[in-house]
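Asks: To start, I am sharing the structure in question, which I have written as C-alpha coordinates.
The values are calculated or read from the model by the stated rules, or taken from the named source; none is laboratory data. Just so we're clear, the structure is a prediction, and the values are computed from it rather than from any experiment. Cβ sites come from the backbone with ideal geometry, for glycine too, and all protein chains shown count toward neighbours. Accessible surface is based on the protein model in full, side chains and every heavy atom, while ligands, DNA and RNA are left aside. Shrake-Rupley method; radii C 1.70, N 1.55, O 1.52, S 1.80 Å.
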Amino acid sequence: MSVICFPQDFNEEDLYIDLRPIFGQSLFLKCEGFNFAGSIKLKAATEMVEAAERDGVLTPRSILVESSSGNLGVALSMIAASKGYRFLCVTDSRCNLGTRRLMEALGSRVHIIADPDADGGFLGARINYVRALCASDDRYVWLNQYTNPGNWKAHCHTTAPAIARSFPRLDVLFVGAGTTGTLMGCARYFWNWHRRVRIVAVDSVGSVTFGGAPGRRMIPGLGTSVRPPLLDESYVDEVIRVEEADTIRACHRLARKGFLFGGSTGTVVSGAMHWLAQHDESEPTAVAIAPDLGERYLDTVYQTNWVQDLYGEDVLSSEARSAPLSPSRP
(Lines give C-alpha, C1' and ligand atoms only; values in the text may rest on other atoms or scores of the structure.)
Protein backbone atom coordinates (compact mmCIF):
# COMPACT_ATOMS: atom_id res chain seq x y z
CA MET A 1 0.00 0.00 0.00
CA SER A 2 1.32 3.44 -0.91
CA VAL A 3 2.49 5.65 1.93
CA ILE A 4 2.05 8.88 -0.05
CA CYS A 5 -1.33 10.52 0.46
CA PHE A 6 -2.97 13.12 -1.78
CA PRO A 7 -6.01 14.79 -0.22
CA GLN A 8 -8.96 15.80 -2.39
CA ASP A 9 -8.30 19.02 -4.36
CA PHE A 10 -4.56 18.37 -4.00
CA ASN A 11 -1.97 21.12 -4.41
CA GLU A 12 1.76 21.05 -3.72
CA GLU A 13 1.37 22.05 -0.06
CA ASP A 14 -1.02 19.19 0.68
CA LEU A 15 1.24 16.15 0.26
CA TYR A 16 1.34 13.80 3.24
CA ILE A 17 3.24 10.61 3.98
CA ASP A 18 1.63 7.94 6.14
CA LEU A 19 4.47 6.69 8.33
CA ARG A 20 2.70 3.59 9.66
CA PRO A 21 4.46 1.21 7.20
CA ILE A 22 7.84 2.60 8.31
CA PHE A 23 7.45 3.06 12.07
CA GLY A 24 4.39 0.98 12.93
CA GLN A 25 2.41 3.98 14.21
CA SER A 26 -0.10 5.98 12.20
CA LEU A 27 1.29 9.47 11.61
CA PHE A 28 0.66 11.68 8.60
CA LEU A 29 3.72 13.75 7.77
CA LYS A 30 2.91 17.05 6.05
CA CYS A 31 5.69 17.70 3.54
CA GLU A 32 6.51 21.41 3.28
CA GLY A 33 9.69 21.15 1.21
CA PHE A 34 8.24 21.23 -2.30
CA ASN A 35 8.01 24.98 -2.90
CA PHE A 36 10.72 26.93 -4.76
CA ALA A 37 12.57 27.81 -1.54
CA GLY A 38 12.56 24.19 -0.39
CA SER A 39 11.10 24.71 3.08
CA ILE A 40 8.17 25.94 5.13
CA LYS A 41 10.10 29.18 5.78
CA LEU A 42 8.93 30.61 2.44
CA LYS A 43 5.54 31.27 4.04
CA ALA A 44 6.92 33.35 6.91
CA ALA A 45 9.39 35.13 4.65
CA THR A 46 6.65 36.14 2.21
CA GLU A 47 4.36 37.37 5.00
CA MET A 48 7.08 39.43 6.69
CA VAL A 49 8.40 41.01 3.48
CA GLU A 50 4.94 41.93 2.23
CA ALA A 51 4.00 43.46 5.60
CA ALA A 52 7.22 45.53 5.57
CA GLU A 53 6.38 46.72 2.07
CA ARG A 54 2.82 47.67 3.08
CA ASP A 55 4.16 49.59 6.08
CA GLY A 56 6.70 51.45 3.97
CA VAL A 57 9.63 49.98 5.89
CA LEU A 58 11.18 48.49 2.75
CA THR A 59 12.24 50.90 0.02
CA PRO A 60 14.38 50.49 -3.11
CA ARG A 61 17.48 51.57 -1.14
CA SER A 62 16.88 49.06 1.67
CA ILE A 63 19.18 46.15 2.44
CA LEU A 64 17.39 43.23 4.05
CA VAL A 65 19.29 41.58 6.90
CA GLU A 66 18.23 38.56 8.92
CA SER A 67 19.65 36.06 11.38
CA SER A 68 18.94 32.53 10.17
CA SER A 69 20.25 29.01 10.63
CA GLY A 70 19.56 28.41 6.96
CA ASN A 71 16.07 27.88 5.58
CA LEU A 72 14.68 31.36 6.19
CA GLY A 73 17.87 32.74 4.68
CA VAL A 74 17.24 30.76 1.50
CA ALA A 75 13.60 31.89 1.37
CA LEU A 76 14.55 35.55 1.83
CA SER A 77 17.34 35.19 -0.74
CA MET A 78 14.81 34.02 -3.29
CA ILE A 79 12.30 36.76 -2.49
CA ALA A 80 14.98 39.46 -2.43
CA ALA A 81 16.29 38.34 -5.81
CA SER A 82 12.81 38.34 -7.34
CA LYS A 83 11.94 41.79 -5.92
CA GLY A 84 15.29 43.45 -6.48
CA TYR A 85 16.37 43.87 -2.84
CA ARG A 86 19.84 43.23 -1.51
CA PHE A 87 20.01 40.70 1.30
CA LEU A 88 22.57 39.79 3.96
CA CYS A 89 22.06 36.57 5.92
CA VAL A 90 23.80 36.34 9.28
CA THR A 91 24.28 32.69 10.16
CA ASP A 92 26.82 30.63 12.09
CA SER A 93 29.26 27.79 11.59
CA ARG A 94 26.56 25.12 12.00
CA CYS A 95 24.77 26.24 8.83
CA ASN A 96 24.99 23.57 6.14
CA LEU A 97 27.53 24.34 3.42
CA GLY A 98 24.99 23.60 0.69
CA THR A 99 22.58 26.11 2.22
CA ARG A 100 25.23 28.83 2.31
CA ARG A 101 26.16 28.19 -1.31
CA LEU A 102 22.52 28.31 -2.34
CA MET A 103 22.03 31.73 -0.75
CA GLU A 104 25.14 33.02 -2.47
CA ALA A 105 24.00 31.58 -5.81
CA LEU A 106 20.80 33.61 -5.43
CA GLY A 107 22.87 36.78 -5.06
CA SER A 108 22.82 37.17 -1.28
CA ARG A 109 25.75 37.85 1.01
CA VAL A 110 26.36 35.48 3.91
CA HIS A 111 28.13 36.46 7.13
CA ILE A 112 29.17 33.55 9.34
CA ILE A 113 29.45 33.96 13.11
CA ALA A 114 32.30 31.72 14.26
CA ASP A 115 32.12 32.16 18.04
CA PRO A 116 29.04 31.86 20.29
CA ASP A 117 28.05 34.56 22.75
CA ALA A 118 28.85 33.71 26.37
CA ASP A 119 25.19 33.98 27.43
CA GLY A 120 23.12 33.64 24.26
CA GLY A 121 25.13 31.10 22.28
CA PHE A 122 25.33 31.37 18.51
CA LEU A 123 21.85 32.85 18.27
CA GLY A 124 22.73 35.62 20.71
CA ALA A 125 25.90 36.37 18.78
CA ARG A 126 24.02 36.51 15.49
CA ILE A 127 21.39 38.87 16.89
CA ASN A 128 24.04 41.14 18.42
CA TYR A 129 25.76 41.38 15.05
CA VAL A 130 22.51 42.27 13.27
CA ARG A 131 21.67 44.94 15.85
CA ALA A 132 25.09 46.53 15.52
CA LEU A 133 24.80 46.49 11.74
CA CYS A 134 21.39 48.19 11.78
CA ALA A 135 22.66 50.82 14.21
CA SER A 136 25.58 51.60 11.90
CA ASP A 137 23.57 52.10 8.69
CA ASP A 138 19.90 53.02 8.32
CA ARG A 139 19.64 51.22 4.99
CA TYR A 140 19.57 47.87 6.80
CA VAL A 141 16.08 46.54 7.50
CA TRP A 142 15.81 43.68 9.98
CA LEU A 143 12.52 41.78 9.67
CA ASN A 144 13.39 39.94 12.92
CA GLN A 145 11.76 36.55 12.59
CA TYR A 146 12.05 36.09 16.38
CA THR A 147 9.55 38.86 17.22
CA ASN A 148 7.73 39.55 13.94
CA PRO A 149 4.03 38.58 14.19
CA GLY A 150 4.05 37.85 10.48
CA ASN A 151 6.05 34.73 11.34
CA TRP A 152 3.17 33.06 13.17
CA LYS A 153 0.39 34.72 11.16
CA ALA A 154 1.69 33.07 7.99
CA HIS A 155 0.98 29.64 9.48
CA CYS A 156 -2.30 30.66 11.06
CA HIS A 157 -3.46 31.76 7.59
CA THR A 158 -2.01 28.92 5.50
CA THR A 159 -0.42 25.88 7.17
CA ALA A 160 -3.03 25.19 9.84
CA PRO A 161 -6.10 25.69 7.59
CA ALA A 162 -4.55 23.33 5.02
CA ILE A 163 -4.16 20.65 7.71
CA ALA A 164 -7.72 21.27 8.92
CA ARG A 165 -9.13 20.80 5.41
CA SER A 166 -7.29 17.52 4.93
CA PHE A 167 -7.94 16.15 8.45
CA PRO A 168 -11.30 17.37 9.77
CA ARG A 169 -11.06 14.78 12.59
CA LEU A 170 -7.54 15.75 13.67
CA ASP A 171 -6.69 14.80 17.27
CA VAL A 172 -3.03 15.72 17.74
CA LEU A 173 -0.55 17.92 15.87
CA PHE A 174 3.23 17.67 16.31
CA VAL A 175 5.19 20.84 15.51
CA GLY A 176 8.91 21.46 15.84
CA ALA A 177 9.96 24.47 17.90
CA GLY A 178 12.55 26.88 16.49
CA THR A 179 11.49 30.52 16.41
CA THR A 180 8.07 28.99 17.32
CA GLY A 181 6.40 30.82 14.42
CA THR A 182 4.96 27.61 12.93
CA LEU A 183 4.06 26.32 16.38
CA MET A 184 2.28 29.48 17.49
CA GLY A 185 0.45 30.01 14.20
CA CYS A 186 -0.92 26.47 14.13
CA ALA A 187 -1.70 26.44 17.84
CA ARG A 188 -3.63 29.70 17.65
CA TYR A 189 -5.65 28.48 14.69
CA PHE A 190 -6.64 25.18 16.29
CA TRP A 191 -7.36 26.87 19.64
CA ASN A 192 -10.60 28.17 18.12
CA TRP A 193 -11.34 25.21 15.87
CA HIS A 194 -14.56 23.19 16.03
CA ARG A 195 -12.91 20.32 17.94
CA ARG A 196 -10.16 19.94 20.49
CA VAL A 197 -6.70 19.38 18.97
CA ARG A 198 -3.77 18.49 21.19
CA ILE A 199 -0.68 20.56 20.31
CA VAL A 200 2.62 18.81 21.03
CA ALA A 201 5.79 20.88 20.61
CA VAL A 202 8.96 18.97 19.71
CA ASP A 203 12.26 20.51 20.76
CA SER A 204 15.92 19.46 20.75
CA VAL A 205 17.78 18.47 23.90
CA GLY A 206 20.10 21.36 24.73
CA SER A 207 17.58 24.00 23.66
CA VAL A 208 16.42 26.59 26.22
CA THR A 209 13.09 27.29 24.48
CA PHE A 210 11.00 25.63 27.18
CA GLY A 211 13.51 26.01 30.00
CA GLY A 212 16.41 23.88 31.05
CA ALA A 213 20.15 24.14 30.69
CA PRO A 214 21.67 24.89 27.28
CA GLY A 215 23.69 22.16 25.61
CA ARG A 216 25.50 21.32 22.42
CA ARG A 217 23.29 21.31 19.31
CA MET A 218 24.89 20.62 15.95
CA ILE A 219 21.83 20.20 13.71
CA PRO A 220 20.36 23.55 12.60
CA GLY A 221 16.64 24.25 12.51
CA LEU A 222 15.00 23.42 15.83
CA GLY A 223 15.95 24.59 19.29
CA THR A 224 17.29 27.94 20.50
CA SER A 225 19.89 29.33 22.86
CA VAL A 226 17.60 32.31 23.61
CA ARG A 227 13.93 31.91 24.59
CA PRO A 228 11.80 32.92 21.56
CA PRO A 229 9.74 36.08 22.21
CA LEU A 230 6.92 34.68 20.03
CA LEU A 231 6.37 31.71 22.33
CA ASP A 232 3.17 31.59 24.39
CA GLU A 233 3.18 28.29 26.26
CA SER A 234 -0.51 28.58 27.15
CA TYR A 235 -1.28 27.30 23.63
CA VAL A 236 0.98 24.23 23.99
CA ASP A 237 -0.31 21.05 25.61
CA GLU A 238 2.93 19.08 25.81
CA VAL A 239 6.63 19.40 25.04
CA ILE A 240 8.90 16.54 24.02
CA ARG A 241 12.66 16.93 23.75
CA VAL A 242 14.66 14.75 21.38
CA GLU A 243 18.33 13.80 21.52
CA GLU A 244 20.18 14.57 18.28
CA ALA A 245 21.26 10.93 18.00
CA ASP A 246 17.57 10.00 17.77
CA THR A 247 17.12 12.72 15.14
CA ILE A 248 19.88 11.09 13.09
CA ARG A 249 18.34 7.65 13.45
CA ALA A 250 14.90 8.83 12.38
CA CYS A 251 16.32 10.60 9.32
CA HIS A 252 18.23 7.52 8.22
CA ARG A 253 15.28 5.25 8.87
CA LEU A 254 13.13 7.43 6.60
CA ALA A 255 15.86 7.57 3.97
CA ARG A 256 16.09 3.76 3.89
CA LYS A 257 12.44 3.81 2.78
CA GLY A 258 13.02 6.38 0.08
CA PHE A 259 12.24 9.62 1.93
CA LEU A 260 15.09 12.10 2.36
CA PHE A 261 14.16 14.71 4.99
CA GLY A 262 16.03 17.37 6.92
CA GLY A 263 17.16 17.26 10.53
CA SER A 264 14.13 19.14 11.85
CA THR A 265 11.85 16.50 10.37
CA GLY A 266 13.86 13.72 11.99
CA THR A 267 13.46 15.43 15.35
CA VAL A 268 9.71 15.89 14.94
CA VAL A 269 9.18 12.32 13.75
CA SER A 270 11.23 10.89 16.60
CA GLY A 271 9.27 12.86 19.20
CA ALA A 272 5.93 12.06 17.61
CA MET A 273 6.62 8.32 17.47
CA HIS A 274 7.59 8.30 21.13
CA TRP A 275 4.35 10.09 22.04
CA LEU A 276 2.21 7.82 19.86
CA ALA A 277 3.78 4.69 21.34
CA GLN A 278 2.49 5.85 24.71
CA HIS A 279 -1.01 6.59 23.36
CA ASP A 280 -1.51 3.77 20.85
CA GLU A 281 -4.61 2.48 22.62
CA SER A 282 -6.57 5.58 21.56
CA GLU A 283 -5.42 5.46 17.90
CA PRO A 284 -5.55 9.24 17.42
CA THR A 285 -5.57 10.96 14.05
CA ALA A 286 -2.11 12.50 14.14
CA VAL A 287 -0.25 14.89 11.84
CA ALA A 288 3.34 16.14 12.05
CA ILE A 289 4.89 18.96 10.03
CA ALA A 290 8.05 18.24 8.01
CA PRO A 291 9.69 21.65 7.46
CA ASP A 292 12.11 20.73 4.65
CA LEU A 293 13.74 18.00 2.60
CA GLY A 294 17.15 16.45 3.11
CA GLU A 295 19.33 17.51 0.17
CA ARG A 296 20.89 20.36 2.18
CA TYR A 297 21.95 17.89 4.87
CA LEU A 298 23.97 15.51 2.69
CA ASP A 299 27.25 16.80 4.18
CA THR A 300 26.02 16.49 7.76
CA VAL A 301 23.06 14.31 8.79
CA TYR A 302 23.66 11.91 5.88
CA GLN A 303 27.47 11.97 5.95
CA THR A 304 28.74 8.95 7.87
CA ASN A 305 32.01 10.46 9.09
CA TRP A 306 30.29 13.64 10.35
CA VAL A 307 27.67 11.61 12.17
CA GLN A 308 30.09 9.14 13.77
CA ASP A 309 32.52 11.86 14.83
CA LEU A 310 29.78 13.69 16.73
CA TYR A 311 27.50 10.91 17.96
CA GLY A 312 29.64 7.78 18.09
CA GLU A 313 30.41 4.90 15.77
CA ASP A 314 27.35 2.87 16.83
CA VAL A 315 24.72 5.55 16.19
CA LEU A 316 23.96 4.19 12.71
CA SER A 317 24.29 0.49 13.50
CA SER A 318 21.39 -1.67 12.32
CA GLU A 319 20.34 -2.20 15.94
CA ALA A 320 20.36 1.53 16.68
CA ARG A 321 18.40 2.40 13.54
CA SER A 322 15.62 -0.05 14.42
CA ALA A 323 15.60 0.64 18.16
CA PRO A 324 12.58 2.40 19.69
CA LEU A 325 12.92 6.17 19.67
CA SER A 326 13.09 7.53 23.19
CA PRO A 327 12.87 11.31 23.55
CA SER A 328 12.67 12.95 26.95
CA ARG A 329 10.28 15.44 28.48
CA PRO A 330 11.29 18.77 30.03
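Asks: Considering amide H positions built from the backbone, and no H for Pro or chain starts, which residues 5 or more places from Leu29, or on another chain, come under 5 Å of its amide H?
Replies: Amide H to amide H, under 5 Å and 5 or more residues apart or across chains, Leu29 pairs with Ile17, Asp18, Leu19, Ala288.
Asks: Please list the non-local residues whose amide H lies under 5 Å from the amide H of Thr209, H modeled 1.01 Å from N, same-chain partners needing a gap of 5 or more.
Replies: Thr224
Asks: Using a Gaussian network model of the chain with C-alpha springs under 10 Å, which one of Ser39, Ser69, Ser166 is most mobile by mean-square fluctuation?
Replies: With Cα springs under 10 Å in the chain, the top fluctuation among Ser39, Ser69, Ser166 is at Ser166.
Asks: Protein chains only, probe 1.4 Å: how do Ser67, Ser136 rank by accessible area, largest first?
Replies: Ser136, Ser67
Asks: Whose amide H sits under 5 Å from the amide H of Arg198, counting only residues 5 or more places off or on another chain, with H placed in the peptide plane?
Replies: Close amide H contacts, sequence-distant or interchain: Val172, Leu173.
Asks: Can you list the HN-Hα couplings for the stretch 66-77, worked out from phi with the Karplus curve (6.51, -1.76, 1.60; θ = phi - 60°), rounded to whole Hz and with x for Gly and Pro?
Replies: Each residue of the stretch 66-77 in turn: 8, 8, 8, 7, x, 5, 5, x, 5, 4, 5, 4 Hz.
Asks: Using θ = phi - 60° and the Karplus relation 6.51 cos²θ - 1.76 cosθ + 1.60, list the HN-Hα couplings for the stretch 98-103 in order, rounded to whole Hz, with x at every Gly or Pro.
Replies: With the stated coefficients, the stretch 98-103 comes to x, 5, 4, 5, 5, 4 Hz.
Asks: Students often get this wrong, so check it: of Lys41/Lys153; Lys43/Lys257; Lys41/Lys257, which have C-alpha atoms separated by over 21 Å?
Replies: Numbers: Lys41/Lys153 12 Å; Lys43/Lys257 28 Å; Lys41/Lys257 26 Å.
Table pairs above 21 Å Cα-Cα are Lys43/Lys257; Lys41/Lys257.
Asks: Please report the antiparallel percentage of the DSSP beta bridges confined to the chain, to the nearest 5.
Replies: Looking only at bridges with both residues in the chain, the antiparallel portion is about 25 percent.
Asks: Can you work out the PRE-style zone for Arg54? Point 7 Å along Cα to Cβ, and I want the residues of the stretch 132-151 with backbone N under 13 Å.
Replies: It comes to 149-151, nothing else.
Asks: Give me the percent of accessible area attributable to carbon and sulfur for the chain, probe 1.4 angstrom.
Replies: Details: 6870 of 13870 Å².
Carbon and sulfur: 50 percent of the exposed surface of the chain.
Asks: Size of the dipole of the chain about the Cα centre, Lys and Arg at +1 and Asp and Glu at -1 on the beta carbon, nothing else charged, in debye to 20? Write down the numbers at each step before the final one.
Replies: Working: 33 positive and 37 negative charges, 97 e Å.
With Lys and Arg at +1 and Asp and Glu at -1, about 460 debye.
Asks: So what are the ³J(HN,Hα) numbers for the stretch 84-92, from phi and the Karplus equation (6.51, -1.76, 1.60; θ = phi - 60°), rounded to whole Hz, Gly and Pro as x?
Replies: x, 8, 8, 9, 10, 9, 9, 10, 9
Asks: Rounded to the nearest 20 debye, what is the charge dipole size of the stretch 124-247 about its Cα centre when +1 sits on each Lys and Arg Cβ and -1 on each Asp and Glu Cβ?
Replies: Numbers: 14 positive and 11 negative charges, 62 e Å.
So the dipole magnitude of the stretch 124-247 works out to roughly 300 debye.
Asks: Which one of Glu295, Glu50, Glu281 has the biggest mean-square fluctuation once the chain is modelled by GNM with Cα springs under 10 Å?
Replies: Glu281
Asks: Using a cut-off of 15 Å between alpha-carbon atoms, which aspartates and glutamates can reach Lys83, once sequence neighbours fewer than 8 places away in the same chain are excluded?
Replies: By straight Cα distance, Lys83 reaches Glu47, Glu50, Glu53.
Asks: Could you work out the helix-only [θ] at 222 nm for the chain, with each DSSP H run of four or more residues adding -39,500 (n - 2.57) and the total divided by the number of residues, to the nearest 500 deg cm²/dmol?
Replies: Helix-only estimate at 222 nm: -11000 deg cm²/dmol.
Asks: Sorting check: for 40-48, 215-223, which peptide has the highest mean count of neighbouring beta carbons within 10 Å, and how do the rest follow?
Replies: So the peptides 40-48, 215-223, ranked by packing, come out 40-48, 215-223.
Asks: If you wrap the stretch 251-307's Cα atoms in a convex hull and average its projection over all directions, what's the area in nm²?
Replies: 4.3
Asks: While we're looking at this one, here's another question. Return a whole-number percent for the relative contact order of the chain, with Cα pairs under 8 Å and 6 or more residues apart as the contact set.
Replies: 18
Asks: Oh, and also: How would you order 21-32, 53-64, 262-273 from highest to lowest mean count of nearby Cβ atoms within 10 Å?
Replies: In descending order of packing, they fall as 262-273, 21-32, 53-64.
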